[in-house]
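Asks: Dropping the structure in here first, questions after.
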Amino acid sequence: MSDSFVIAGRTFASRLIIGTGKYPSHAIMKAAHEASGADMATVAVRRVDITRQTESLLDYIDTSKIFLLPNTAACYTADDAIRTARLGREAGMSNWVKLEVIGDEQTLFPDNEGLLEATKLLVKEGFIVLPYTNDDPVMCRKLADAGAAAVMPLGAPIGSGLGIQNPNNIRIIREQATVPVIVDAGVGTASDAAVAMELGADGVLMNTAIAGAKDPVGMAKAMKLAVEAGRLAYLAGRIAKKSYASASSPLTGVVGS
Amino acid sequence: MSDSFVIAGRTFASRLIIGTGKYPSHAIMKAAHEASGADMATVAVRRVDITRQTESLLDYIDTSKIFLLPNTAACYTADDAIRTARLGREAGMSNWVKLEVIGDEQTLFPDNEGLLEATKLLVKEGFIVLPYTNDDPVMCRKLADAGAAAVMPLGAPIGSGLGIQNPNNIRIIREQATVPVIVDAGVGTASDAAVAMELGADGVLMNTAIAGAKDPVGMAKAMKLAVEAGRLAYLAGRIAKKSYASASSPLTGVVGS
Amino acid sequence: MSDSFVIAGRTFASRLIIGTGKYPSHAIMKAAHEASGADMATVAVRRVDITRQTESLLDYIDTSKIFLLPNTAACYTADDAIRTARLGREAGMSNWVKLEVIGDEQTLFPDNEGLLEATKLLVKEGFIVLPYTNDDPVMCRKLADAGAAAVMPLGAPIGSGLGIQNPNNIRIIREQATVPVIVDAGVGTASDAAVAMELGADGVLMNTAIAGAKDPVGMAKAMKLAVEAGRLAYLAGRIAKKSYASASSPLTGVVGS
Amino acid sequence: MSDSFVIAGRTFASRLIIGTGKYPSHAIMKAAHEASGADMATVAVRRVDITRQTESLLDYIDTSKIFLLPNTAACYTADDAIRTARLGREAGMSNWVKLEVIGDEQTLFPDNEGLLEATKLLVKEGFIVLPYTNDDPVMCRKLADAGAAAVMPLGAPIGSGLGIQNPNNIRIIREQATVPVIVDAGVGTASDAAVAMELGADGVLMNTAIAGAKDPVGMAKAMKLAVEAGRLAYLAGRIAKKSYASASSPLTGVVGS
Amino acid sequence: MHIKLNGDPHEIPAPLSVSALLQQLEIDARRVAVELNLAVVKKAAYDSSVINEGDEVEIVNFVGGG
Amino acid sequence: MHIKLNGDPHEIPAPLSVSALLQQLEIDARRVAVELNLAVVKKAAYDSSVINEGDEVEIVNFVGGG
Amino acid sequence: MHIKLNGDPHEIPAPLSVSALLQQLEIDARRVAVELNLAVVKKAAYDSSVINEGDEVEIVNFVGGG
Amino acid sequence: MHIKLNGDPHEIPAPLSVSALLQQLEIDARRVAVELNLAVVKKAAYDSSVINEGDEVEIVNFVGGG
């Protein structure tokens, strides 16, 4: 059975989308990326340091294999996010953007008002918009109606590693959504990624869970397998939960019975 | 890094141990076994039906690849379990046994008193004993002291698919145990298996979760990947959980700031 | 220590707010209300049935003890909600409103866009607005900034009885909010209400959990006690969670030691 | 409806059983006991300090109101527990004992083998035995069969405050048990006690959750209410959980519809 | 004379006040709220507010809700 | 001659070896285990182990289990 | 005369009853339990129970516990 | 001549093109994006876009992010 992952007409080999921030080193990032099997990675858009030449992040990303997804992290208004998206497009020669309009410093939860406004405008400008939002089916529907190519509800606060805090919401978002659903943020370990996929998510985006692990390369491999495992389990159809036991060996034919 | 899984001096390629019961057909079981990558499978010991020739289970298990682990399922006394273990050894030409002494029909929870007694006797008789017990660190220690080659605490009632009900106990059992810890029973879907491994379990044994899935072969593949993912994540060292967010993109250098 | 519950300058004796829908009978509702100790109850605004005289809900509510809070349930646009709020004010001779702008029939989750718009307008018209929203700290802040007298994040879908699905969000909303936080919807049993209060909620609003219980009067009493228990526990400061045991009896002076 | 709590023919007014250890002071303990409404309290049996006169614990317990339940805490063998039980009986002029035979220092989990042995012997000697055990329905049945007057499964490790780790097991123990079930150990805050009661427990025993709270008196009051709330909710019959919403206000008769 | 009452067509013999309509319908004025052509009618204005051909009238009250 | 086979009464003409019984029942000896009066019979002893009047025989094999 | 009291060596001038020992130690007999050589001494027997050379005595009371 | 570069004051001798500025700063034009007075400058326009007194210039590139 072919089970391709398509966003805005572009097919990705992996349902795991990775980040490029917070790695111990560029070399470890590169190794982790390879271990993850991911073919899409987020990058941030920031001012060049004109005081000294720093080695470029891009020297450590094989863009022939990995599609770059510029984000608008740290933007707190629709205007800043739009401006950053335009610069990202120019720098990346691609019109895709992971749209973030942050509403709160402590949780880094989205400002959905600004997010919806920026989504509408950027879609008009021809961007492929992947908005980072919270786990609200209503907002996800509005973003899809506004032309978002996918919706990216959070599982838990960015970098918290708490795992999927509200599985019921993610499940419902997937049931209702007309575009791909990518769980973005909150994954802490492999089982969290598997849970997200078992709920029906089309993909999972993570950065800190891999970059911040003691062994980022090992965790990248774990996440690759966990996302595949969760997807397969979702498609295979799990058993129903029972409150009591149900024997797996025959109850009859026991000796001496 | 080599990460071998050894029980009683025997090395297994896979940390996933599978069952042979409740499959829609022997053919589907065989395909699921192959997809699972497992090299150990449990079997039950039951009276031959002398009224008619039935095709043998063994025709569908490649015993050159899969090591058979006879169980004593449905035995409610130490004596019945011992008697069944001896017959299993004779039938299987192997001295390994998944020891079950059941204490309750509704939960199929073990009778630890009888289990400990049977373990001591079978160890004396030269058996390699893998006892199915509950998630009690004290009982697990006693079983190991009695010579069990591994301990197999349950994650939830057999066939319930509830997942690991008491992760804290499994974690502590692993921390304290001097023998391999195999989570036996309770897994319902891939993420459950990953959770068990992330808690430090050396292996996971399951039957219904695969055999009872809508697509047993797909679920077997999912379980294979989930067990590997969970093990890798355990070894890689997950990030700590935080109550608030922690940005994955730089907070400085944003345009217009 | 006095621990009064004040909304918009009005002090309430109970932190439990109850509904008036779905009771087996008006008489049972009246008894449940008394058992609950609540002094605020929500009511819906609906067209009079002109074909036949029905007994009035108000005949079963002692409005000298219970303050009525008209809601705008089943309104899917800001306009309908505003119109209903105005009628409720005229019918109730009070300017308080539980503002609902529903965004989805399946989850009955709020349309936060319409909710914020309606909140702003009704506040201008002098209403005391208590908006029903989801568990999003950013939206709660915007509603408070718009003049809401309290914010009412949902714990789970209305009538689902799933309990608080995302405790971390409720906790953060309380930490950040400048107005009272009332957990509205999702409570299924007494412990759910206690959990909400332990997270710091100032109050809990529920209808189905009481009205739909086998014994609504008994459950109403349970909820009264649970809300008080949760509040007291929150104020008393719970012990920290530990992964291991900590003896409650002395370890020394044991006989024979 | 009368809902009396009877153990071995003795009726208790409260389903909350409290401890006497780890309080900031005897005076605070006394106040907390009064706030808790409990009429049974556990005490430890320890060697008198002959080097100096210390004020007696009993000066701070009104034994006309509170029934003393000596425990055998810190006993690691059946013999030590039996010996301590006998001394407790002589000191307390009562034949009740909270029987503990500890199997592990880190978890303070019971040694069920020794516990069952000691239970049998003490029952023969005429003791009313309340054994502290783990959440295993099979062991609880064996203890009841051995003559235990009640069974006291743990919710989580003593003093951990983790709450009920395996609700399914507590529920099943209650369904199967022929004697009162008292959840002993693991409660951290009020909602944990309510959960235990909602699962059907006949009572809850706690020490650290109250004694270790910032305000033990406030927490004692909270626990009193939580236990009552949980019991009432259990008897009242909670609503079923639903995956989606179910409106609490009428869907028809909305203006403008 | 045709009006719309709570969304349904309704006949009245001639223009009449809100008070009269309520009386005719045997509805206790104290427990309802009335909207005439989308505007709420204050109780004080029930006598003076006249309902004419084609008007839209909504009469609501409180019912059980959450 | 009466024996008990897998818990049920069974008739055999005369005393016979385990091997003979298995052959009679058309059971592949390699895939079963046999218990005679509660004692496991090693495969090597199938020929020499004789089943007599009143003996209890259990013949088991592996079936699907978890 | 040497005895063992609550696990520690203790000196007494001569054999004495449990009552006398408690008195000497200023311990309120009503609130303790006494074990003499592993056997509980009933309160009624405090006068008649004599502690001799080498005896092991345990005196316990209730302390805070959970 | 004063301009604002990435938020900080910056001196340039005379009006110059974006290309010239990047060259002066030894920045590889292929890996950055440039904004001149809030409008993105397409790479094709680097030569023709001239920076004058008081202009605000932003030069950005990709860095690690999530």
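Asks: Given (1) under 23 Å from D:Ala81 (Cα atoms); (2) part of a helix (DSSP H, G or I); (3) in contact with a Lys or Arg (Cβ under 6 Å, 6 or more places away or on another chain), identify the lone condition not met by D:Ala144.
Replies: Every condition holds for D:Ala144 apart from (3).
Asks: Go through (1) surrounded by 15 or more Cβ atoms within 10 Å (Cβ to Cβ); (2) more than 22 Å from D:Gly88 (Cβ to Cβ) one by one and return the number of the condition G:Pro15 breaks.
Replies: For G:Pro15, the failing item is (1).
Asks: Being buried (at least 21 other Cβ atoms within 10 Å of the Cβ) and within 14 Å of the chain's Cα centre (by Cα): is that true of A:Gly212 here?
Replies: Numbers: buried (at least 21 other Cβ atoms within 10 Å of the Cβ): yes; within 14 Å of the chain's Cα centre (by Cα): no.
For A:Gly212, the condition - buried (at least 21 other Cβ atoms within 10 Å of the Cβ) and within 14 Å of the chain's Cα centre (by Cα) - is not met.
Asks: Still on this structure: State yes or no: is D:Ala81 of a type outside the set (Asp, Glu), in contact with a Cys (Cβ under 8 Å, 6 or more places away or on another chain) and at pLDDT 95 or above? It would help to see each step written out before you state the result.
Replies: Working: of a type outside the set (Asp, Glu): yes; in contact with a Cys (Cβ under 8 Å, 6 or more places away or on another chain): yes; at pLDDT 95 or above: yes.
Against the criterion (of a type outside the set (Asp, Glu), in contact with a Cys (Cβ under 8 Å, 6 or more places away or on another chain) and at pLDDT 95 or above), D:Ala81 qualifies.
Residue-by-condition table, conditions (1) farther than 28 Å from D:Leu143 by Cβ; (2) acidic (Asp, Glu):
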{"site": "B:Thr54", "(1), (2)": "yes, no"}
{"site": "B:Leu57", "(1), (2)": "yes, no"}
{"site": "B:Ala74", "(1), (2)": "no, no"}
{"site": "B:Ala81", "(1), (2)": "no, no"}
{"site": "B:Ile102", "(1), (2)": "no, no"}
{"site": "B:Glu113", "(1), (2)": "no, yes"}
{"site": "B:Ile128", "(1), (2)": "yes, no"}
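Asks: Name the single residue that is nearest to A:Ser191 (Cα to Cα) among those in segment A:119-178 being crowded, with 24+ Cβ neighbours inside 10 Å and of a type in the set (Ser, Thr, Tyr).
Replies: It comes out as A:Ser160.
Asks: Among the listed residues D:Ala81, D:Ala149, which satisfies the condition of being out of contact with any Ser or Thr (no Cβ under 8 Å at 6 or more places or on another chain), on the phi < 0 side of the Ramachandran plot and more than 14 Å from chain B (Cβ to nearest Cβ)? So that I can check it myself, show each step before the final result.
Replies: Working: D:Ala81 fails: out of contact with any Ser or Thr (no Cβ under 8 Å at 6 or more places or on another chain).
Going through D:Ala81, D:Ala149 in turn, the sole match is D:Ala149.
Asks: Sticking with this structure for a sec: I'm trying to understand the selection: among the residues of segment A:217-257, which are part of a loop (DSSP other than H, G, I, E, B) and away from chain F (no Cβ under 14 Å)? Quick ask: steps written out before the conclusion?
Replies: Restricting attention to segment A:217-257, the residues satisfying the condition of being part of a loop (DSSP other than H, G, I, E, B) are A:237-257.
Passing the criteria: A:Gly237, A:Arg238, A:Ala240, A:Lys241, A:Lys242, A:Ser243, A:Tyr244.
Asks: Condition first: on the phi > 0 side of the Ramachandran plot and among the polar types (S, T, N, Q). Now tell me which residues in segment D:1-22 satisfy that.
Replies: Selection gives nothing.
Rundown of residues vs (1) assigned to a helix (DSSP H, G or I); (2) free of Cβ contacts under 8 Å to residues at least 24 places away in the same chain; (3) within 21 Å of D:Gly253 (Cα to Cα), yes/no style:
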{"residue": "C:Pro24", "(1), (2), (3)": "no, no, yes"}
{"residue": "C:Ile28", "(1), (2), (3)": "yes, no, no"}
{"residue": "C:Thr54", "(1), (2), (3)": "no, yes, yes"}
{"residue": "C:Ser64", "(1), (2), (3)": "no, yes, no"}
{"residue": "C:Ala85", "(1), (2), (3)": "yes, no, yes"}
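Asks: If B:Gly114 meets every condition in (1) without any contact (Cβ under 8 Å) to a residue 40 or more places away in the chain; (2) at the interface with another protein chain (Cβ under 7 Å from one of its Cβ atoms); (3) over 20 Å from B:Ala229 (Cα atoms); (4) not aromatic (Phe, Trp, Tyr) apart from one, which number is that one?
Replies: The failed condition is (2).
Asks: I need the strands (runs of 3 or more DSSP E) fully contained in segment E:1-54, keeping only those with at least 3 residues that are touching a residue at least 12 places away in the same chain (Cβ under 8 Å) and more than 14 Å from C:Thr51 (Cα to Cα). Can you show your working first?
Replies: Details: elements: E:2-5, E:8-11, E:33-36, E:39-41.
Strands (runs of 3 or more DSSP E) meeting the threshold: E:2-5, E:33-36.
Asks: Next question, about the same structure. Kindly indicate whether C:Leu108 is crowded, with 24+ Cβ neighbours inside 10 Å, under 19 Å from the mean Cα position of the chain (by Cα) and at positive phi. Before you say what the answer is, go through the steps one by one.
Replies: Details: crowded, with 24+ Cβ neighbours inside 10 Å: yes; under 19 Å from the mean Cα position of the chain (by Cα): yes; at positive phi: yes.
Yes.
Asks: Does segment D:74-93 include one or more residues that are within 15 Å of the chain's Cα centre (by Cα) and surrounded by 22 or more Cβ atoms within 10 Å (Cβ to Cβ)? Lay out the reasoning, then the answer.
Replies: Start the filter on segment D:74-93 by keeping residues that are within 15 Å of the chain's Cα centre (by Cα), which leaves none.
No, segment D:74-93 contains no residue that is within 15 Å of the chain's Cα centre (by Cα) and surrounded by 22 or more Cβ atoms within 10 Å (Cβ to Cβ).
Asks: Can we say B:Arg89 is free of Cβ contacts under 8 Å to residues at least 24 places away in the same chain, out of contact with any Lys or Arg (no Cβ under 6 Å at 6 or more places or on another chain), away from chain A (no Cβ under 12 Å) and of a type outside the set (A, V, I, L, M, F, W, C)? Step through it out loud before you land on a result.
Replies: On the way: free of Cβ contacts under 8 Å to residues at least 24 places away in the same chain: no; out of contact with any Lys or Arg (no Cβ under 6 Å at 6 or more places or on another chain): yes; away from chain A (no Cβ under 12 Å): yes; of a type outside the set (A, V, I, L, M, F, W, C): yes.
In short, no.
Asks: Here is a follow-up. Select from segment B:52-76 the residues that are out of contact with any helix residue (DSSP H, G or I) (no Cβ under 6 Å at 6 or more places or on another chain), within 12 Å of chain A (Cβ to nearest Cβ) and among the hydroxyl-bearing types (Ser, Thr, Tyr) and list them in ascending order.
Replies: Passing the criteria: B:Thr54, B:Tyr76.
Asks: D:Asn95 passes all but one of (1) more than 10 Å from chain B (Cβ to nearest Cβ); (2) free of Cβ contacts under 8 Å to residues at least 60 places away in the same chain; (3) out of contact with any Lys or Arg (no Cβ under 6 Å at 6 or more places or on another chain); which number fails?
Replies: Evaluating D:Asn95 over (1) more than 10 Å from chain B (Cβ to nearest Cβ); (2) free of Cβ contacts under 8 Å to residues at least 60 places away in the same chain; (3) out of contact with any Lys or Arg (no Cβ under 6 Å at 6 or more places or on another chain) leaves (3) as the failure.
Asks: Only one of (1) among the aliphatic types (A, V, I, L, M); (2) free of Cβ contacts under 8 Å to residues at least 40 places away in the same chain; (3) within 14 Å of chain D (Cβ to nearest Cβ) fails for E:Ile59. Which number is that?
Replies: (2)
Asks: Further, regarding this structure: Out of segment D:30-43, which residues are more than 11 Å from every other protein chain (Cβ to nearest Cβ) and either part of a strand (DSSP E or B) or among the β-branched types (Val, Ile, Thr) (or both)? Talk me through it step by step, then tell me what you get.
Replies: As a first pass, look at segment D:30-43 and keep what is more than 11 Å from every other protein chain (Cβ to nearest Cβ): D:30-31, D:33-34, D:36-40.
The one that is more than 11 Å from every other protein chain (Cβ to nearest Cβ) and either part of a strand (DSSP E or B) or among the β-branched types (Val, Ile, Thr) (or both): D:Met40.
Asks: How many residues, within segment C:207-224, are touching a helix residue (DSSP H, G or I) at 6+ places or on another chain (Cβ under 6 Å) and either closer than 19 Å to C:Val183 by Cα or in contact (Cβ under 8 Å) with a residue 24 or more places away in the chain (or both)?
Replies: Of the residues in segment C:207-224, 10 are touching a helix residue (DSSP H, G or I) at 6+ places or on another chain (Cβ under 6 Å) and either closer than 19 Å to C:Val183 by Cα or in contact (Cβ under 8 Å) with a residue 24 or more places away in the chain (or both).
Asks: Going through D:Ser64, D:Ser56, D:Ser36, D:Ser25 one at a time, which residue ends up being of a type in the set (Gly, Ala, Ser), at negative phi and touching a Leu at 6+ places or on another chain (Cβ under 7 Å)? Let's see the steps before the verdict.
Replies: Working: D:Ser64 fails: touching a Leu at 6+ places or on another chain (Cβ under 7 Å); D:Ser56 fails: touching a Leu at 6+ places or on another chain (Cβ under 7 Å); D:Ser25 fails: touching a Leu at 6+ places or on another chain (Cβ under 7 Å).
None of the other options fit; the residue is D:Ser36.
Asks: Something else now. When you check D:Arg46 against the structure, is it at pLDDT below 95, out of contact with any Ser or Thr (no Cβ under 6 Å at 6 or more places or on another chain), in a strand (DSSP E or B) and farther than 22 Å from D:Ala196 by Cα, yes or no? Steps first, answer last, please.
Replies: Values: at pLDDT below 95: yes; out of contact with any Ser or Thr (no Cβ under 6 Å at 6 or more places or on another chain): yes; in a strand (DSSP E or B): yes; farther than 22 Å from D:Ala196 by Cα: yes.
For D:Arg46, the condition - at pLDDT below 95, out of contact with any Ser or Thr (no Cβ under 6 Å at 6 or more places or on another chain), in a strand (DSSP E or B) and farther than 22 Å from D:Ala196 by Cα - is met.
Asks: Looking at (1) touching a residue at least 60 places away in the same chain (Cβ under 8 Å); (2) crowded, with 20+ Cβ neighbours inside 10 Å; (3) in a loop (DSSP other than H, G, I, E, B), can you tell me which one C:Ser14 breaks?
Replies: With respect to (1) touching a residue at least 60 places away in the same chain (Cβ under 8 Å); (2) crowded, with 20+ Cβ neighbours inside 10 Å; (3) in a loop (DSSP other than H, G, I, E, B), C:Ser14 is out only on (2).
Asks: Any chance you could count how many residues in segment A:205-216 are of a type in the set (Val, Ile, Thr) and more than 7 Å from every other protein chain (Cβ to nearest Cβ)?
Replies: At the first step, the residues of segment A:205-216 found to be of a type in the set (Val, Ile, Thr) are A:208, A:210.
Filter once more, so that each one left must be more than 7 Å from every other protein chain (Cβ to nearest Cβ): A:210.
Residues that pass the stated criteria total 1.
Asks: Name the residue that is nearest to the other protein chains (Cβ to nearest Cβ), counting only residues in segment B:167-204 that are part of a helix (DSSP H, G or I) and among the polar types (S, T, N, Q).
Replies: Step one: filter segment B:167-204 for residues part of a helix (DSSP H, G or I), giving B:167-176, B:190-198.
Filter once more, keeping what is among the polar types (S, T, N, Q): B:168-169, B:176, B:191.
Numbers: B:Asn168: 6, B:Asn169: 7, B:Gln176: 7, B:Ser191: 4 Å.
This residue is B:Ser191.
The values are calculated or read from the model by the stated rules, or taken from the named source; none is laboratory data. From a predicted model like this one, the values you see are computed outputs, not experimental measurements. All Cβ positions, glycine included, derive from the backbone under ideal geometry; neighbour counts span all protein chains shown.
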